[in-house]
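Report on the structure given below.
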Amino acid sequence: MSPDLVVLGNLLVDDVVFPDGRTRFAQAGGACLYLALGAALWGLRVGLVSVSGDEYPASTLDALRARGVDLQGVRRLGRPGLRTWLLYEGARRRVVHRLEGPTHAEVSPVAADVPEVWRRAPAFHLAPMPLDVQACLVEAIGSWGNARISLDPYALFNTDTLPALAPMLSRIDALFLSEDELELGRGGRREDALRSLLAGRLQSVAFKRGAEGGVLAKRDRLLDWAPRAGAVADPTGAGDAFAAGVLAGWGRGEADERALARGVVTASFAIEAWGADGLHEATPASAERRLREWFPA
């Protein structure tokens with residue numbers, strides 16, 4: 001059976017450094033971990049396509065399976081994978097790849113990694129990966145059918161990179177951007193910069209601003225959202241969890257406002273514990289209960 005959502009991205013081991021000196025080493029991570037757990041939290045059948053290094057914790061992969069995530073698309077690298085430093089600097093975060101490991105492209109999936117039966121899935125989401133990797137995947141997915149394609153970039157968005165990004169953006173339906181990535185419109189109206197990206201198939205751009213919430217830019221309107229959480233332990237993966245909740249709402253055919261609410265709830269579980277622990281511990285019942293309490297229909 002084809003999944004409701006196919007998530008493509010990296011499974012990485014992170015060493016996290018916070019501004020106050022706290023550290024968290026050897027943390028199982030990768031954007032697709034948070035995306036898969038977040039989407040499965042709302043009952044979506046999720047298929048994961050990635051590359052797993054030998055040191056990636058087997059317990060994390062087992063936990064994904066226990067949540068119902070299909071790992072047929074996870075290819076073993078056969079050697080240690082890519083390990084990264086996540087360096088938080090105020091409102092921004094830097095990702096630094098450790099030396100002597102594989103390249104980012106080597107730990108990123110390719111179209112051949114997607115199981116044949118999954119190619120009929122209604123939705124695909126591409127987590128941050130090198131631009132040429134994402135562009136090839138978007139082209140392949142587009143050739144398989146009319147699936148909805150969403151993307152979270154790795155490349156910075158500025159006047160130098162936009163010409164290379166534009167052809168790919170015109171072939172996707174939704175874009176998730178963070179403040180780390182959007183350099184267009186700094187010092188001016190960011191909303192105008194977001195709307196300038198809406199061309200071709202691209203209908204929605206979600207600009208994630210962490211503790212400041214964010215804005216969903218559509219061709220005819222702007223929708224703001226505010227974050228919410230019972231506690232904040234670790235912001236890592238919050239943006240990916242948010243995207244997962246929004247995609248789950250869209251997959252259910254919900255209006256943008258309700259989909260954004262699911263995104264806020266999903267992100268709240270992610271930031272309440274270290275790494276992905278909050279999403280591992282959350283249940284569909286607790287997610288639905290929080291959605292009803294925080295955002296009465």
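The values are calculated or read from the model by the stated rules, or taken from the named source; none is laboratory data. Bear in mind that the values here come from a model prediction, so they are computed numbers and not experimental data. Note that we place each Cβ from the backbone using ideal geometry, even for glycine, and neighbour counts take in every protein chain shown. Calculation scope for accessible area: heavy atoms of the full protein, side chains included, ligands and nucleic acids excluded. Shrake-Rupley method; radii C 1.70, N 1.55, O 1.52, S 1.80 Å.
Computed in the context of the full set of protein chains, the accessible area of the chain at 1.4 Å probe radius has 52% of its extent on carbon or sulfur. The Rg/Rh ratio for the range 108-176, using Cα coordinates for both the radius of gyration and the Kirkwood hydrodynamic radius, is 0.96. Between the range 238-286 and the range 140-159, the C-alpha centres lie 21 angstrom from each other. Accessible surface for Arg292 stands near 140 Å², nearest 10, in the context of the full protein assembly shown (1.4 Å probe).
Here Arg67 sits with roughly 60 square angstrom of accessible surface, probe radius 1.4 Å. The listed residues Tyr88, Tyr154 rank as Tyr154, Tyr88 when sorted by accessible area, largest first, using a 1.4 Å probe. Computed over the chain, the percent of Cα pairs more than 31 Å apart is 21.
State in Å² the accessible area per residue of the range 53-208; use a 1.4 Å probe, count heavy atoms of protein chains only, and round to the nearest integer. Walk me through the numbers on the way to the answer.
Values: 7400 Å² over 156 residues.
For the range 53-208, the per-residue accessible area is 47 Å².
Taking every C-alpha pair closer than 8 Å and separated by at least 6 residues, the mean separation divided by the residue count of the chain gives a relative contact order of 17 percent. Just Gly214, Gly53, Gly200 to compare: in a GNM of the chain, with alpha carbon springs under 10 Å, which one fluctuates most? The residue with the greatest mean-square fluctuation here is Gly200.
Between Ala112 and Arg98, what is the label-to-label distance in nm when each label sits 7 Å out along the Cα-to-Cβ direction? Spacing of the two 7 Å Cα→Cβ label points: 2.8 nm.
Going by a ≥ b ≥ c, the root eigenvalues of the Cα gyration tensor, does the range 194-278 fall in the rounded group (a/c under 1.5), the prolate group (a/b larger than b/c) or the oblate group?
On the way: a/c = 2.25, a/b = 1.84, b/c = 1.22.
Prolate shape, in that a/c is at least 1.5 and a/b is the bigger ratio.
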